[in-house]
Amino acid sequence: MDPLALAERVKRGEVRAVSRLITLLENQDPAGMATLQQLEASSRRAAVIGITGYPGAGKSTLLDQLVTAYRRQGKKVGILAVDTSSPVTGGAILGDRIRMQDHTSDAGIFIRSMATRGHHGGLAGSTRDAVAVLQAAGYDVILIETVGVGQDEVDVAKVVQTLVAVVAPGLGDEIQAMKAGLFEVAHIVAVNKGDREGADMTLHDLKEWVPRVIRTVAVKGEGIPELLEAIAEHQRIVDLQDNSSPPPR
Ligand SMILES: Nc1nc2c(ncn2[C@@H]2O[C@H](COP(=O)(O)OP(=O)(O)OP(=O)(O)O)[C@@H](O)[C@H]2O)c(=O)[nH]1
Ligand SMILES: [Mg+2]
């Protein structure tokens, strides 16, 4: 395995090379690290967006809507499903957590599950590496879905530029999220299942705590334009910061 050759294939956006390299990195293969080093000098800029929240809040449904919208804008989209809740998870189960609509035939979309631990920096380390690979492969938007709100979760959140916390009304999600400090790290909060009873109250309560709260009904596509705009707005702030200081690594 030649790191230089693999790096070239990744830079050309070859999907199999991208998958291969992410696997090598997950396995802490030295060839993977060597390849990554080749890429980093030429890394392109991608929008890295996290979607986090409790199980069943509607993260995947929301993510699916965002993917559709970004594809309409002609952007290449990379999706990472990160499960911090289980040390050993089969890809099938993880894949299930995304429940993506049929994007499989779309060459502009790359989907990958991450659940490997034991990596330097834990799961956040593997995720950071995968982001670097997707970035180098020319993906314009990288969406990361994470489940749970433990320390692993917060670590993974540090890998993204814009973090969207998803809560569903009436489940006590918002209380738990607050306790876990999720709203302190999130830039945008989506109150999903806005069609459910209690959504108004949740929105009202949260607006006192977090600057950017948006009602969404992911299953109907409601609130998606507003969410996209909020993400774009936050990305503009990130861009300004990037131009004034080097990105943290
Ligand atoms: N009523 C209603 N149901 C929704 C909405 N968004 C998602 N759902 C439903 O909620 C359930 C869970 O949605 P997912 O998108 O899989 O939620 P998730 O947060 O990704 O779930 P995990 O990955 O298992 O943590 C599904 O049955 C969705 O159809 C919504 O806006 N309104
Ligand atoms: Mg999901």
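Go over the candidates 189, 154 one by one and state the one that is without any contact (Cβ under 8 Å) to a residue 60 or more places away in the chain and either touching a Phe, Trp or Tyr at 6+ places or on another chain (Cβ under 9 Å) or among the basic types (Lys, Arg) (or both).
Unique residue meeting the criteria: 189.
Which of the residues that make up the stretch 10-32 are in a loop (DSSP other than H, G, I, E, B), farther than 12 Å from residue 129 by Cβ and open to solvent by 70 Å² or more (accessible area, probe 1.4 Å)?
Matches in the stretch 10-32: 12 only.
Go through the stretch 33-60 and give me each residue that's buried (at least 21 other Cβ atoms within 10 Å of the Cβ), within 12 Å of ligand 1 (Cβ to nearest atom) and not in a strand (DSSP E or B).
54, 57, 58, 59, 60 - these are the residues of the stretch 33-60 that are buried (at least 21 other Cβ atoms within 10 Å of the Cβ), within 12 Å of ligand 1 (Cβ to nearest atom) and not in a strand (DSSP E or B).
Is it the case that the stretch 77-88 has a residue that's of a type outside the set (Lys, Arg), at pLDDT 95 or above, open to solvent by 10 Å² or more (accessible area, probe 1.4 Å) and in the same structural domain as residue 236 (by TED's automatic domain parsing)?
No, there is no match, as no residue in the stretch 77-88 is of a type outside the set (Lys, Arg), at pLDDT 95 or above, open to solvent by 10 Å² or more (accessible area, probe 1.4 Å) and in the same structural domain as residue 236 (by TED's automatic domain parsing).
Only one of 165, 157, 186, 199 is surrounded by 14 or more Cβ atoms within 10 Å (Cβ to Cβ), among the small types (Gly, Ala, Ser) and more than 25 Å from residue 132 (Cβ to Cβ). Can you tell me which?
None of the other options fit; the residue is 199.
Exactly one condition in (1) surrounded by 14 or more Cβ atoms within 10 Å (Cβ to Cβ); (2) out of contact with any Ser or Thr (no Cβ under 9 Å at 6 or more places or on another chain); (3) outside any loop (DSSP other than H, G, I, E, B); (4) not β-branched (Val, Ile, Thr) is not met by residue 242; state its number.
Condition (1) is where residue 242 drops out.
Before we move on, is residue 219 assigned by TED's automatic domain parsing to the domain that holds residue 132, open to solvent by 10 Å² or more (accessible area, probe 1.4 Å) and within 16 Å of ligand 2 (Cβ to nearest atom)?
So residue 219 passes the test.
Assess whether residue 101 counts as being modelled with pLDDT under 60, open to solvent by 20 Å² or more (accessible area, probe 1.4 Å) and in contact with a helix residue (DSSP H, G or I) (Cβ under 6 Å, 6 or more places away or on another chain).
yes
Of all residues in the stretch 130-158, how many are touching a strand residue (DSSP E or B) at 6+ places or on another chain (Cβ under 8 Å) and at pLDDT 90 or above?
12
On the given criteria, is residue 159 within 15 Å of the chain's Cα centre (by Cα), more than 22 Å from residue 241 (Cβ to Cβ) and not hydroxyl-bearing (Ser, Thr, Tyr)?
So residue 159 fails the test.
The values are calculated or read from the model by the stated rules, or taken from the named source; none is laboratory data. All of these numbers come straight from a predicted model, not from anything done at the bench. Counting neighbours? That spans all protein chains shown, and the Cβs are built from the backbone with ideal geometry, glycine included. Areas reflect the complete protein model, heavy atoms only, side chains present, ligands, DNA and RNA absent. Shrake-Rupley method; radii C 1.70, N 1.55, O 1.52, S 1.80 Å.
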